[in-house]
Amino acid sequence: MARRVMILTSLTVAREFRVRFEGFLGGLRVIEIGNELGEYCGKVLAGLGADVVRVEPPGGEVTRAYGPFHRDTAHPDRSLYFWHYNLGKRSVVLDLDEAEDQERFRRLAVRLLQLPRR
């Protein structure tokens, strides 16, 4: 009697069973506000499939000034350090000391996290 062996890879499973892998935290939404430690936590959560939105102050997060830089050109948009810790995240610039941006943040939280409206 011949045995039939099928080796399943994630691609095979997705194709055969129409399963879409979203990561362990797929469907989780996170608003990240913080320093370097917050960036690391957000990186881990995004890597596990969470939808992470990074809130940066006007002028950008301080880690944008950390080297090394792409093609050795120091620029906030070329920091390899920042890219590494913020890969897979979305970003928004808000000045949370300003009342107008505090309201924008509240609306963002309501929309992303589906909180009750006041």
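The values are calculated or read from the model by the stated rules, or taken from the named source; none is laboratory data. In this text, all values refer to a predicted model and were calculated from it rather than measured experimentally. Heads up, the Cβs are rebuilt from the backbone with ideal geometry, glycines too, and the neighbour counts pull from every protein chain shown. Just the protein is used for accessible areas: all its heavy atoms, side chains included, with ligands, DNA and RNA removed. Shrake-Rupley method; radii C 1.70, N 1.55, O 1.52, S 1.80 Å.
For a bin width of 5 Å, list the pair-distance distribution of region 38-118 built from all Cα-Cα distances, rounded to whole %.
3, 15, 20, 20, 19, 13, 6, 3, 1, 0
In the neighborhood of D51, defined by Cβ-to-Cβ distances under 14 Å, what is the net charge if each Lys or Arg adds +1 and each Asp or Glu adds -1? Each step should come with its number before you reach the end.
Values: positive: R29, K43, R54, K89, R90, R111; negative: E22, E32.
Net charge around D51: +4.
How much length is gained if the chain between Q114 and H84 is pulled fully straight, taking 0.36 nm per residue apart and subtracting their Cα-Cα distance, in nm to one decimal?
On the way: separation 30, 0.36 × 30 = 10.80 nm, distance 2.89 nm.
The Q114-H84 span can extend by a further 7.9 nm.
Let me check I've understood the local charge: for F82, count other residues with C-beta under 9 angstrom from its C-beta, Lys and Arg +1, Asp and Glu -1. What total comes out?
Values: positive: R64, R78; negative: E39, E61, D77.
Its environment carries a net charge of -1.
Want the number for R29 to V44: 0.36 nm per residue separation, take away the alpha-carbon distance, what's left?
Working: separation 15, 0.36 × 15 = 5.40 nm, distance 1.31 nm.
Roughly 4.1 nm would be gained on extension.
Give me the percent of the accessible area of region 51-104 that comes from carbon and sulfur atoms, probe 1.4 Å, all protein chains in place. Walk me through the numbers on the way to the answer.
Values: 1810 of 3420 Å².
About 53 percent, which is the carbon plus sulfur part of the accessible surface.
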